[in-house]
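Report on the following structure.
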Amino acid sequence: MKETNLAVLTGSHDLTGSQACAEGGLSAGCRFLGYYPIFPSFDIVERFAERFSDVKGVLIQMEDEISALAAVLGASWTGKKAMTVTSGPGFAQMAEHIGLGVMLETPCVIVDVQRDGTSEGSPSAPGGGDIMMARWGSHGDYEVIALSPNSPQEMFDMTVKAFSLSEKYRTPVILITDTYVSNLNEAVHIPDAKDIQIHTRKYYKGKREDYLPFQYDAKDLVPPMVDVGKGYRFHVTGLTHDERGYPVMDEKCQEWNVHRLVQKIRIFAEDIVDFEEEQTDDADVIVVSYGAVSRDVIHAVHQVREEGIRAGSLRIKTIWPFPEKKITQLAKKATHLIVPENNFGQICLEVERCARGRAETHYLYHASSRIGQSDDIVKLIKKVMKK
Amino acid sequence: MEAIITQQEAKRHPMDNLLRMDRMPHIWCPGCGIGNAVSAFADALDKLEYNLDKLCVVSGIGCTGRVAGYIKVDSFHTTHGRAIPFATGIKLGNPDIKVVVISGDGDLVSIGGNHFVHAARRNIDLTVICVNNFIYAMTGGQVAPTTPTPAYTTTSPFGNFENPSNVPQLAEAAGAVYVARWTALHMRRLTYSIVDALKKPGFSVVEVISPCAMYYSRINKLGDGLDMMKFYYDHSIIKHGEPTDHLEIDYQKEIIVGKFVDRERPTYSESMGKWFED
Amino acid sequence: MKANPRDVFTGTYYIDGDVAAAYGALAAGCKFLGGYPITPSTEAAEAFARKAPYVGAQFIQMEDELGSIASVLGASWSGKKSMTITSGPGYSLMMENIGLGAAMEIPFVIINIQRSGPSTGVPTSTGQADIMQSKWGANGDYEVIALAPESPQESFDFAIKAFNLAERYRVPVMFMADECVGHMTEKVVIPDASEIEVEPRRFYQGKKEEYIPYRRDQDLVPPIVKAGDGYHLYITGLTHDERGYPLLDHRSLPKIEKAKVIHKKSTNPYLVDKIRKNKDEIIEMQEDHLEDAEVVIVSYGITSRVAYRAFEQARQEGIKVGMLRLITVWPFPDDRIAELAKKVKGFVVPEINYGQIVFEVDRCSHGKANTILVPHGGASVHKPDDILGAIKKIVKDNKKYEQVIEYTTTLEKTIFKGSLTEKIKK
Amino acid sequence: MTEMRFAGFGGQGIIRSGIILGRAISIYDHGFATMNQSFGPEARGGACSSQMVISDTKVLYPYVSRTDFLIAMSQEGYDKFIDELKEDGTLIIDSDLVKPKTDKKIFGIPSTRIAEELGNRIIANVVMLGFMTAVTKVVSVEAMKKTIPESVPQRFIELNIEAFDRGYHYRAE
Amino acid sequence: MDPIIEIFKKGVESSQCDQKDICMVTDIAYHPEVTDYLGMDLFHTSRGRAIPFATGMKLANPRLKLAVFIGDLATLGGNHFVHAGRRNMDIHVICINHYHYKKVGGEYAPGVFPRVPLSPYGSFDEPLNIPHLARSCGAVYVARWTLLHANQLSHAIAESLRKTGFSVVDVISNEPDILDFYFQHSEIKNGEDTLNVKIVPDGKIIVGQFVDRERPNFIDSYNEQMTKVLGDKFVKIEV
Amino acid sequence: MRVRERIKPFGSEKPQPVKGELIIIEDRCKGCGFCVEYCPNDVLIVSDKFNSKGYHPPEVVHEENCRYCGFCQLVCPDFAIFSIEEKAVESKSNTA
């Protein structure tokens, strides 16, 4: 129990988003960080490095991002909560192992501090181009959970939540943030250790001989887990497998396995999704946003409200699974949906789909960061309302 | 015939508690040497009397990658080339566990070459058994970094012209503490080498030269697995302590086997522990 | 420009889709293949390796997929048409460098013979689940062109088309075949070189001193030069301006100002605009009986051949069904779908995945028509009866759906004893 | 339209058989034949099958649903695909390796044994192809004889032709 | 201008290679002006992939001479290094080792000195012996110099550019204030066995030219093998 | 107990040659012939019969020559053959 007290720095602190993320990880019980340094994610690692000896955690700089995530998956099977931090190009390298994480149903957290642009882009500028990659980045069909914080406090809360979700659904959870939020310095309140809700993975409790690694629970489709080295002598594989974890190469097993992997998120999507609404009840135009941009949106909405335009804001906190029902519902009320993004249109496509033609979707894209540019949003709101 | 069956019931295969007999017969082709490597590994475990609950086997992709599925311990079949980093995670996550990586030459040296080098550099406490059959067999016989010149493969249809890798040399250069090489015929010596490697703290590498009767020997017209074994019998020379740069394998020439490196270096965990104490 | 007769192996063959794709690439003038073996794409690389020395092409088997894609990018800058061949897991590894290729605007082709996923999945059998990944797989924004062949003959034809598009628009072109097409063996006719139209590389024609690497022509595509010809190129994967210089000089500026500079100078918008604005020229599809159709089957790749049987049966039963086959999956024919949505009852989208293109169809239909997904996990293809069942469901249900409906296939019924979703929700 | 399936295990040349037959039909008999294959990860010994749709016009749907002919060279292949065979379909088996339990039309040949007699068990599939040509008549003998030399290594041509003949004339013996 | 670029320019000049044929491939962002300064093309690729990028360029246009500048070689691109060496691909690697990642704050990188002042724990990882790895994997030319040995370094670069094979120049470089440290702690030992040139915390930095040998390179062995097997039918890749 | 670990016979009763009995799991056999080739006492030959996969499994012809060296078990890549000490079987079957 001592360990927990050291891990959770209860109280109010002035932290950057990166530091808050590291504290969130520690509070959630993360004891393994495998990483490869990439700008701008190293602030998180630095904080971990300072704090890891307090909690006897393991910090390892691997040779590349591929191995960083592979090591994290390995560590997670030993029972440790594990995470990795990276940025765009590194995240692209992790693609293959996100698939492995999904297939082996390994809980882990990946923090992606987005940077601007394609490929190497502009390392120090905040960007938002990895949203769709988080969902579709690996080959094959799978579902992930992705969270998008917009402040250091949320960096803390959502890191804790990311661990809980990943342990609960046994899947990799991605925390998509950007340079803006991770560099932002704000007050962060860390609650008492006992007030932090931590979900720990469901452990197998039955007889050792009867253990089957992928025999799932009929209630939530999630199989209970065991740690390595506890004498279960199980086998797991990235190949399509049956409930024993043995590879079986046929259509039926593929359906049994992958359909469940997809559905274990989709069915519970409504429980997972989280969003924040502001003044949407009477709104004619609703700005749908996520992450750092949402801070400007609130600004813009307040501004146009003062001018008598009935605008509202929907801030998406869990990007994946996408809050489809909520958007459909809002589209019935509002006439216009505006989606400002730090990219060339990713989430706006989802919004357009969920609007089902009931509200017109406008997107506002930008070659670089649009943070601090609420004027554009105001302009667009006024423009669409004039029509 | 009937007598044999009753005896089978009376006594099970001696490796029954080490291998997943429910998955036999395995997928390897007739005359393939991977089974021999598994056999030697199982025998080594038997000799060491390890607590099998505390043992973990990690494999990558490829024919040899399937080994993890047949050994009845906690076993992981991961992605191509990434067995070593996955194993690194397990080892650092729980240092009590003995982690063994069994994979093929393509998996460990080609795509996983970087991880191989860096795990050796860090001296992570892993035992690596690299089954080298000179070819990518699972995908149908493509040229591997270990394919000798001028062997024919499906992607070197006019003869391989690339210089082959020398696994023991790479392991030594990168910092492995124990390096040995045997063929699939040297079963007893191989077993003892695996025993030594398992006992040794640090990054130990045992290379097993194994026949691929389906692709390598067929396309090069070298006969079946048995012919390859006979070739090993005639052409392997045991030279312990041979400098590793002499260990290149030429096409159908002698194969030097033996134990080449056995040295002491602090493992990653030891250095880390020491660093924290300082 | 016509193809070089030396590169074209004219004749009638009985070969599989993998080999046909390799022959197609050679016919298109591909001179460099950096590959790494992965089931089920190896046959293509092997076929290329067998023919390469005869046509002055180079095959190299790199140490991993990261290396092979990087070598392809380099070879393309040396002035050779280049490609790589891979499948799911290898494709995932290539992601970062596909982004680099897109950012540097390098013409190259990736042949992806899709298999069942995720992770290692079922290597020897089919899947169509990399379709979204081909568009969204790398970080940042970029656009690609993706083609989906349905037969070995098309494998050959589309490989040529893929190179032509890549050279025309300086983009990565994804040749998204699936294992079924890759391993299906059929008659393939390779025509005479004089009948094959090949797009030459858009080399810069002007004065050397005036060359600016990313100055665009009318169609937003910049001409290209070869490395080592004395242009003093500076080519980077960092966000760059027209000259190719990275926009890092503005480091000292405050964030917002910096963003404004990047916004003004960066060439990133062109990465998407050059495809989005030219999409009418790029998009190709095959339409069948759409004039009177009430229900439209939208399919691509092998699924379209499977769907054809359902189409035939439905027509026999008097249901007015039409077929829309996507030849270029990306860019997606938004407008055509939107147009169809106004007049049909619904779309049936069979895919060998759990829903990827179906969401695009649903998006483009703007709630005007219903959309049913006929999912399939992979390792095999749909049963035509399932597709027929979905068609009938649309005809029968006379109401608007609030979202994409997932059709419960017979396979799902047998394995989960009913619909998995409904079972859990109860 | 004729649908047929070869089933056996890896190493028996099941897929190679399909390619030879398809090639003979589509290049020398000017028909249309689509061959699809399915195989496990094992190069040898794993379940393996190739399916063939033969038609006079272009094949649209490339899979078999009910086979007219099932050529089974292993018990596993027989067990897996026997239900797929049409009521009046024909079953062709390697009589040493498959023990059928069905009342459908059966033709058996000990192809592996014949191949071993000829000196190489690898050509069991060619023996089977010869036998199949005689039984099914989906392809002309001339076309097959033109195709086989193109599909096997130079030094094995004569052996393969001999194997084909042994299979083709087996019924007469 | 970056001192290493100056030294490189000198090396290129003294190597008497045609400047136009040389291409720089890096995974480090250099200032764009270096292209005009050096009079050659520069490709800034993604992290760690400079060597395979150069491999592709070389194979598609064998006329080019590829000078590959890598910073964090020993990590991301280690595998490409090993395999390019094995193939003896005709590229010239200039491996610039800093004490820590220049761009990424205080993180330590293998292949460099342990006990990095900025890293919170320093490095208990043992650094990679790059010259030894290069020799083991088959490089034909291996030398190591610090930035202080500017003349030797430019000479080594010239030598390496003249070789037709995988050549490696290991450059130990850091901020100028530490040059004095190099002066005190380096020792020139030409021809030293690469096994002994590992950088250890309290030992000397051994510099010098360690390997200079001949091995057939990839393109030559390819041409040779194909000509042997195919004879007249073989078509060489066109420049 | 392994052969080499046995108590040295000096001074004790006359050493009895150890005898083994071979057990072949025929359906696992893939006919590679390693056991037949490398049996030091030529106990095995390749049989004529087919197993279910169409391979010829080995057959014991000189059972009396088996010395329980265990090499056939070690060299078999398919875990299809193993030997037991004859005595052990008897005692086991007695107790069972």
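Quick rundown of the values:
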quantity	calculated
Relative contact order of chain D, pairs being alpha-carbon contacts under 8 Å that are 6 or more residues apart, as %	22
Exceeding the 30 Å Cα-Cα cut-off - candidates C:LYS274/C:LYS392; B:LYS221/C:LYS2; A:LYS194/B:LYS54; E:LYS198/E:LYS236; D:LYS101/D:LYS137; A:LYS252/A:LYS326	C:LYS274/C:LYS392; B:LYS221/C:LYS2; A:LYS194/B:LYS54; E:LYS198/E:LYS236; A:LYS252/A:LYS326
Ranked by how many other beta carbons lie within 10 Å on average, peptides E:139-147, C:71-79, D:134-142 from highest	C:71-79, E:139-147, D:134-142
Net charge dipole size for segment A:247-387 [Lys, Arg +1 and Asp, Glu -1 on Cβ; Debye, nearest 20]	300
Cα centroid separation, segment D:59-112 to segment A:325-387 (Å)	60
Positive-end residue of B:SER193, B:GLY93, B:PHE231, charge dipole of segment B:14-277 with Cβ unit charges	B:GLY93
Where GluC sites (Glu not before Pro) fall in DSSP loop in segment A:136-224, at most 13 other Cβ within 10 Å	A:GLU209
Degrees separating the helix C:88-104 axis from the principal Cα axis of chain C, which is the longest one	50
Volume per residue that the Cα convex hull of chain B spans, once the total is divided by residue count, Å³	128
For chain B, the longest site-free run once GluC sites (Glu not before Pro) in DSSP loop states with at most 13 other Cβ atoms within 10 Å are removed	B:50-253
Debye equation applied to the C-alpha atoms of segment C:208-276, log10 I(q)/I(0) at 0.28 Å⁻¹	-1.27
Trypsin sites (Lys or Arg not before Pro) within segment E:207-239, DSSP loop, no more than 12 other Cβ atoms inside 10 Å	E:ARG213
Candidates B:THR153, B:THR139, B:THR64, ranked by Gaussian network fluctuation over chain B, Cα under 10 Å, top entry	B:THR139
Size of charge dipole - segment A:13-152 - debye, nearest 20, with Cβ of Lys, Arg +1 and Asp, Glu -1, no other charges	400
Buried accessible area, chains B and F (both chains, 1.4 Å probe, Å² to nearest 100)	3000
Most mobile listed residue (B:ASP262, B:ASP196, B:ASP96) in chain B, GNM with C-alpha springs under 10 Å	B:ASP96
Hits among aspartates and glutamates - C-alpha to C-alpha of A:LYS202 under 13 Å, sequence gap 8 or more where chains match	A:GLU105, A:GLU167, A:ASP217, A:ASP220, A:ASP227
Averaged over B:224-233, number of beta-carbon atoms from partner chains that fall within 10 Å	3
Principal axis dimensions, segment C:283-425 - Cα atoms, whole angstrom, descending	39, 32, 29
Stokes-Einstein D for segment A:2-195, Kirkwood Rh over Cα pairs, 10 °C, 1.306 mPa s (µm²/s)	99
Rounded to 5, the percent of DSSP beta bridges in the protein assembly as shown classed as antiparallel	30
Taking N as its residue count, the alpha carbon Rg of segment D:50-114 over 2.2 N^0.38 Å	1.18
Segment D:1-103: translational diffusion in µm²/s, Stokes-Einstein, Kirkwood Rh over Cα pairs, 20 °C, 1.002 mPa s	156
Three principal axis lengths of segment F:18-95 [C-alpha, angstrom, descending]	37, 26, 20
Cα point-scatterer Debye curve for segment B:130-193, base-10 log of I(q)/I(0) at q = 0.14, 0.15, 0.28 Å⁻¹	-0.51, -0.58, -1.10
Hits among aspartates and glutamates - C-alpha to C-alpha of E:LYS9 under 12 Å, sequence gap 8 or more where chains match	E:ASP36
Highest-MSF residue in chain A out of A:GLN279, A:GLN153, A:GLN346 [GNM, Cα springs under 10 Å]	A:GLN279
Of A:GLY312, C:ALA166, E:GLY203, farthest towards positive along the dipole that unit charges on Lys, Arg, Asp, Glu beta carbons give the protein assembly as shown	A:GLY312
Per-residue average of Cβ from other chains inside 10 Å of E:14-21	1
Interatomic Cα distance distribution for chain C, bins of 20 angstrom, percent	26, 53, 20, 1
Listed residue pairs exceeding 31 Å between alpha carbons, taken from A:LYS230/A:LYS317; A:LYS81/A:LYS205; B:LYS253/F:LYS30; C:LYS81/C:LYS279; D:LYS58/E:LYS233; C:LYS31/C:LYS260	A:LYS230/A:LYS317; D:LYS58/E:LYS233; C:LYS31/C:LYS260
Cα-based Kirkwood hydrodynamic radius, segment A:275-386, one decimal, Å	13.4
Anchor C:LYS342: lysines whose Cα lies under 17 Å away (excluding residues fewer than 8 positions away in-chain)	C:LYS320, C:LYS368, C:LYS399, C:LYS400
P(r) histogram, all alpha-carbon pairs of segment C:5-195 included - 5 Å bins from 0, percent	1, 9, 19, 23, 23, 15, 7, 2, 0
Rg to Rh, two decimals, where segment A:151-216 supplies the alpha carbon set and Rh follows Kirkwood	1.15
Listed residues A:VAL85, A:CYS30, A:GLN254: farthest to the positive end of the dipole of chain A (Cβ charges)	A:GLN254
Buried solvent-accessible surface, both chains (E, C), 1.4 Å probe, Å² to nearest 100	3700
Cα point-scatterer Debye curve for segment A:29-84, base-10 log of I(q)/I(0) at q = 0.18, 0.30 Å⁻¹	-0.53, -1.26
Rg(Cα)/(2.2 N^0.38 Å) for chain D, N = residue count	0.94
Chain C - percent relative contact order, Cα under 8 Å, separation 6 or more	15
Kirkwood Rh (inverse of mean 1/r, distinct Cα pairs), chain A, angstrom	21.4
Given charges at beta-carbon only (K, R positive; D, E negative), |dipole| of chain A in Debye	840
Between 0 and 90°, nearest 10: helix A:152-169 axis offset from chain A longest Cα axis	50
Equivalent ellipsoid, the protein assembly as shown (semi-axes from 5 times Cα gyration tensor eigenvalues, Å)	48, 42, 35
Shielding score for B:172-180, defined as the mean number of other chain Cβ atoms within 10 Å	3
Diffusion coefficient, µm² s⁻¹, Stokes-Einstein with Kirkwood Rh over alpha-carbon pairs of segment B:215-259 at 20 °C and 1.002 mPa s	186
Trypsin sites (Lys or Arg not before Pro) restricted to DSSP loop in segment B:147-241 with at most 11 other C-beta within 10 Å	B:LYS221
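The values are calculated or read from the model by the stated rules, or taken from the named source; none is laboratory data. For clarity, every value in this text was computed on a predicted model and none was experimentally measured. Neighbour counts are summed over all protein chains in view; Cβ atoms, including those assigned to glycine, are modelled from backbone coordinates with ideal geometry. The area values use the complete protein model at the heavy-atom level, side chains included, leaving out ligands, DNA and RNA. Shrake-Rupley method; radii C 1.70, N 1.55, O 1.52, S 1.80 Å.
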